[in-house]
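Participant: Following this message is one structure expressed as structure tokens.
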Amino acid sequence: MSTSLVKLNKETGGIWSNQSFLILLSSTFLLSLANRIYELLLPLILFELTNSSVAVTTMRTAELLPNLVFGIFIGVIVDRVNKKKLALWSIGLQAALLFCMAYLLKVGTSWLGIYYIIGFLLMTCNYGYFNAQIGLVKMNIPTNYLNSANAKFSFIETFISVMGPVISGIILLLPFFYNGVLLTAFVYMLCLFILARLSHQAEAVRMNSSGFFADFREGWRAFKDNKLLWMMTIFIMLLNSTFSVVQIAVLLFAKEDLGLKSTGVAIVISAIGIGGMIGSLFSSKLRKAWGLGVLFGVSAFLHGAAYLLMYFSDHYYKLIIALFFSGIATSFYTVCAYTFRLEQTTPELIGRISGMTGTFFRIGMPITVYLSGWVIYKWGTAPIFLTAAIFNLIVFIIYRMTLLWKVK
């Protein structure tokens, strides 16, 4: 970030005067909308096609695998290429894949393998874009505005958590599922045109400065030597393992156990977004009052409490309350996790550190998600909610005794 741009932001009203921030925020809005619709539609589509919880969780597992297969090395690539071009290619390829999926649904293709392959490729591109976006945020937004910017990104994402399910519910009223997938593809295309206008700061491309594996080793040493960062990474890895499982279990619980139709499921899930919006509005103030470490710990505790309430839910209104508090916890959790990583990382290492930490963040998710499908198949969703609640509360107790609790 150039000195002149930092000065400009201070003189003209802060983060809202940064045109690059506005473009990145707009693209976040569109991608959050598209992703939210896709994330809600796909499990319901597969469940309608197969009536199998195992098929749903297998699809989710296929989407998580790119983080394990490519995650560590994607970060090195991001630091060696133009981040804007990588982001644009990633968005364009995702749009093309979604058009393909819409066509397959339209012609009635029932072979699940092709959907798993598309899901794997979609998330590979999505992960590449996400790492590129982190670099773009780091380059375009002054350090003293990062927490504020991340809170606004989180607010947009959680606002879409409210609108996305509502839109998904409307789409589910239409006679064909592929309409929702088509809409997602068109939103990706719109985002592509907006992000193409980004005029970001000059970036340090490392193609000729050193070898690929030398860059990787440099990133690994920086990550390993940052004790607080790898400690935080371990806790995020543990919490993510339950978070992803509960997301799927909630959809299946609402549809099978509570007997809600797809539109009802989409509307109930919007409680997460309402809670998330409230959480994102207060996250910056609470971070200043409590410190980032305390706020992150509170998010783990709230998640545990919300999962426990899900376990005792026998009516949709109890589930709505649980999802509301889960949304608040998710907002705190997201803002703290990504702000902490940005603050702990220099611009020239952001791609590699993001790739490495992102891999560890999700390393347990494919295993727990796949196994959860069989657990739900045999015993229902109740064991998932109870185990996740106990696990989160245990993690909170351990976290409370570490140095991270004192991070400001």
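Laboratory data are not the source of any read-out in this text; all were calculated from the coordinates shown. None of these values were measured; they are calculated from a predicted model. In this analysis, Cβ positions are derived from the backbone assuming ideal geometry, glycine residues included, and neighbour counts consider all displayed protein chains.
Participant: Ranking Val107, Val335, Val69, Val375 by Cβ neighbours within 10 Å, fewest first, what do you get?
Facilitator: Numbers: Val107 8, Val335 27, Val69 13, Val375 19.
Ascending number of Cβ neighbours within 10 Å: Val107, Val69, Val375, Val335.
Participant: Got a sec to turn the phi values of the range 232-237 into Karplus ³J(HN,Hα) couplings, 6.51 cos²θ - 1.76 cosθ + 1.60 with θ = phi - 60°, whole Hz, x for Gly and Pro?
Facilitator: So the J values, rounded to whole Hz, are 4, 4, 5, 5, 5, 4.
Participant: Right, here's the next one. Sort Thr58, Thr346, Thr263, Thr109 so the one with the fewest other Cβ atoms within 10 Å of its own Cβ comes first. Could the numbers behind the result be given before it?
Facilitator: Working: Thr58 20, Thr346 9, Thr263 16, Thr109 13.
In increasing order of surrounding Cβ atoms, one gets Thr346, Thr109, Thr263, Thr58.
Participant: Hey, another quick one. Work the Kirkwood hydrodynamic radius out for the range 268-329: mean of 1/r over every pair of different alpha-carbon atoms, inverted, in Å.
Facilitator: Computed over the range 268-329, the radius equals 11.8 Å.
Participant: Using each residue's phi in the range 213-220, evaluate 6.51 cos²θ - 1.76 cosθ + 1.60 at θ = phi - 60° and report the 3J(HN,Hα) Karplus result to the nearest Hz, with x for Gly and Pro.
Facilitator: 6, 5, 4, 4, 5, 4, x, 5
Participant: Here's a follow-up. Specify the angular offset, from 0 to 90 degrees and rounded to the nearest 10, of the alpha carbon long axis of helix 53-69 from the longest principal axis of the alpha carbons in the chain.
Facilitator: Value to nearest ten degrees: 10.
Participant: What percentages make up the Cα-Cα pair-distance distribution of the range 297-382 when the bins are 10 Å wide from 0?
Facilitator: The percentages, shortest bin first, are 15, 30, 35, 15, 4, 0.
Participant: Taking only DSSP H segments of four or more residues, each worth -39500 (n - 2.57), what value at 222 nm results for the chain once the sum is divided by all its residues, to the nearest 500 deg cm²/dmol? Write out the running numbers ahead of the final one.
Facilitator: Numbers: 16 runs with 329 residues, N = 408.
Counting only the DSSP helices, I get -28000 deg cm²/dmol.
Participant: What list of whole percents do you get for P(r) of the range 19-121, with Cα-Cα distances grouped in 5 Å bins up to the one holding the largest distance?
Facilitator: Distribution as computed: 2, 10, 17, 22, 20, 14, 9, 5, 2, 0 percent.
Participant: Moving on. Hey, what do the phi angles of the range 365-379 turn into as Karplus ³J(HN,Hα) couplings, whole Hz, using 6.51/-1.76/1.60 and θ = phi - 60°, x for Gly and Pro?
Facilitator: Taking θ as phi minus 60°, the curve returns 5, x, 5, 5, 5, 5, 5, 4, x, 6, 4, 5, 4, 8, 10 Hz for the range 365-379.
Participant: Continuing with the same structure: Report the semi-axes of the equivalent ellipsoid for the chain in whole Å, largest first, where each axis is √(5λ) for an eigenvalue λ of the Cα gyration tensor.
Facilitator: Working: eigenvalues 205, 128, 86 Å².
Whole-Å semi-axes of the equivalent ellipsoid: 32, 25, 21.
Participant: So which residue, out of Lys378, Lys224, Lys261, gets the largest mean-square fluctuation from a GNM of the chain using Cα contacts under 10 Å as springs?
Facilitator: Top of the fluctuation ranking is Lys378.
Participant: Which value, in debye to the nearest 20, gives the size of the charge dipole of the range 333-408 about its Cα centre, when Lys and Arg are +1 and Asp and Glu are -1 at the Cβ?
Facilitator: Rounded to the nearest 20 debye, it is 120 debye.
Participant: Considering the Cα positions of the range 334-408, please state its Rg to one decimal place and its Dmax as a whole number of Å.
Facilitator: Just the Cα atoms of the range 334-408 yield Rg and Dmax of 16.4, 49 Å.
Participant: Holding the Cα-Cα limit at 32 Å, pick out from Lys261/Lys288; Lys227/Lys285; Lys224/Lys255; Lys83/Lys406; Lys138/Lys318 the pairs that are longer than that.
Facilitator: Values: Lys261/Lys288 42 Å; Lys227/Lys285 26 Å; Lys224/Lys255 44 Å; Lys83/Lys406 34 Å; Lys138/Lys318 40 Å.
Pairs exceeding the cut-off: Lys261/Lys288; Lys224/Lys255; Lys83/Lys406; Lys138/Lys318.
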